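Read-outs throughout are calculated quantities, based only on the coordinates presented, and are distinct from any laboratory measurement. Here the structure is a predicted model, which means the values were calculated and not measured. Here the Cβ is made from the backbone with ideal geometry for all residues, glycine too, and neighbour counts use every protein chain on show.
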Amino acid sequence: MSGPTHIPDSVALPRLLGEVLVGSGRLTGDQIAAALAEQTRQTEPDLIGEILVRQGALTPAELMTALATRFGEERAHYATQPPPATAIRFEGVEKSLDGRKVLDRVDLEIPEGKITAIIGVSGGGKSVSLKHMIGLMAPDRGRVIVGDRELGRLSRKELLRVRERFSMLFQGSALFDSMNVFDNVAFPLREKTRLDPATIARLVRKTLGQVGLSGANDKFPDELSGGMMKRVALARALVTQPEIILLDEPTAGLDPIIENAIHHLICDTYLRTRYTMVIISHAIPHIFNWCHHVLVLHEGKILASGPAVVVMQSPDPVIQQFIHGSLTGPIKIV
Ligand SMILES: Nc1ncnc2c1ncn2[C@@H]1O[C@H](COP(=O)(O)OP(=O)(O)O)[C@@H](O)[C@H]1O
Ligand SMILES: [Mg+2]
């Protein structure tokens, strides 16, 4: 990345969600204490936020706002910290498809336990990169390393084992039209685990509750709105409790309010689980608020990589043109 960028010298440690809520005057210490008491009484504790909403101490919108504030503090803090461990690494990855070089000696690192956004103009190789991460495509040259395993050196069986650590939300949701919502979400558990039907049913209901779709079990995909379909796809990706979750354009085609709701939902999921997340997004500039780290992929190369708050201020004209959607600049409109 070119040019120096200002990072604040000291960003205070991000506060706990409870501290944000009390600090914003939305909640008293007593209300938090009551919610914590209820949480400890439960055998399978609900999230503190869900309990606060159920107790009437907060509206869902107030909870979402507090989450966004909390995450904003974390993003700013991330920019001042030494880089975390690497979950996924590309070394000199090259890939040609139909005689065109789609990835051109790509080096990249996905930080562990953080949210990374991959942005760039359409056709830049974002989806192809995601498919390399999970071993659905193999590079012509170079290495893809997940944790300490180089995918190209693994047997088929070992690769499948690495893949079990992932889940992926494909561009366009890819729900099964002939299955209802419950069966769509249960599918990976039935395929990949030996859990009994009662446990599967409990996990599916719980996950659908977390994405705000408790009553939708029996609906079929053609009865769902675009936002609901994305939520079902998200539930299906979350239900297996993966370590790494890859989301290919989880908000494409949604109106701005639903897009915002999905971003909050992803952020809420992250703060609960601390999964490594990789999100391909066209939601510029909003996505910068919903990730720690950004990679800009342009014409098969990594143009910038770093904390979201740093990349956003990059003086690079391609990045600025992309962020502002300008018609003039180094990116040529065909
Ligand atoms: N399976 C495939 N076979 C041939 N070409 C492909 C295939 N997948 C992607 N491509 C091409 O690779 C380029 C990058 O695609 P993609 O990664 O999907 O872009 P995006 O950044 O929009 O996600 C595009 O030109 C696309 O047409
Ligand atoms: Mg794509």
Counting only other residues whose beta carbon sits under 12 Å from that of Leu58, what net charge do I get with K and R as +1, D and E as -1?
0
Sorted largest first, extent of the chain alpha carbons per principal axis (Å)
58, 48, 38
Projected convex hull area of segment 259-312, Cα atoms, direction-averaged, in nm², equals 3.9
Thr193 versus Lys157, label points 7 Å from Cα toward the beta carbon: distance in nm?
2.4
Two decimals is fine: what's Rg over Rh for segment 72-183, C-alpha atoms, Kirkwood radius as Rh?
1.01
Translational D (Stokes-Einstein, µm²/s) of segment 1-114 at 20 °C and 1.002 mPa s when Rh comes from the Kirkwood sum over C-alpha pairs?
120
I'd like the antiparallel share, as a percent to the nearest 5, of DSSP beta bridges with both residues in the chain.
55
For the chain, set up a Gaussian network in which alpha carbons nearer than 10 Å are linked by springs, and say which option among Ala35, Ala76, Ala68 fluctuates the most.
Ala35
Putting +1 on Lys and Arg Cβ atoms and -1 on Asp and Glu Cβ atoms, find which of Leu67, Leu327, Leu297 reaches farthest to the positive end of the dipole of the chain.
Leu297
Mean shadow area of segment 157-282, taken as a quarter of the surface of its Cα convex hull (nm²)
7.7
Give me the number: length gained by fully extending Lys219 to Lys101, i.e. 0.36 nm times residue separation minus the C-alpha to C-alpha distance, one decimal in nm.
38.2 nm
What dipole magnitude, in Debye to the nearest 20, does segment 87-324 give about its Cα centre under +1 on Lys/Arg Cβ and -1 on Asp/Glu Cβ?
740
Could you tell me the largest-minus-smallest coordinate of the C-alpha atoms of segment 17-78 on each of the three principal axes, in descending order and whole angstroms?
35, 23, 19
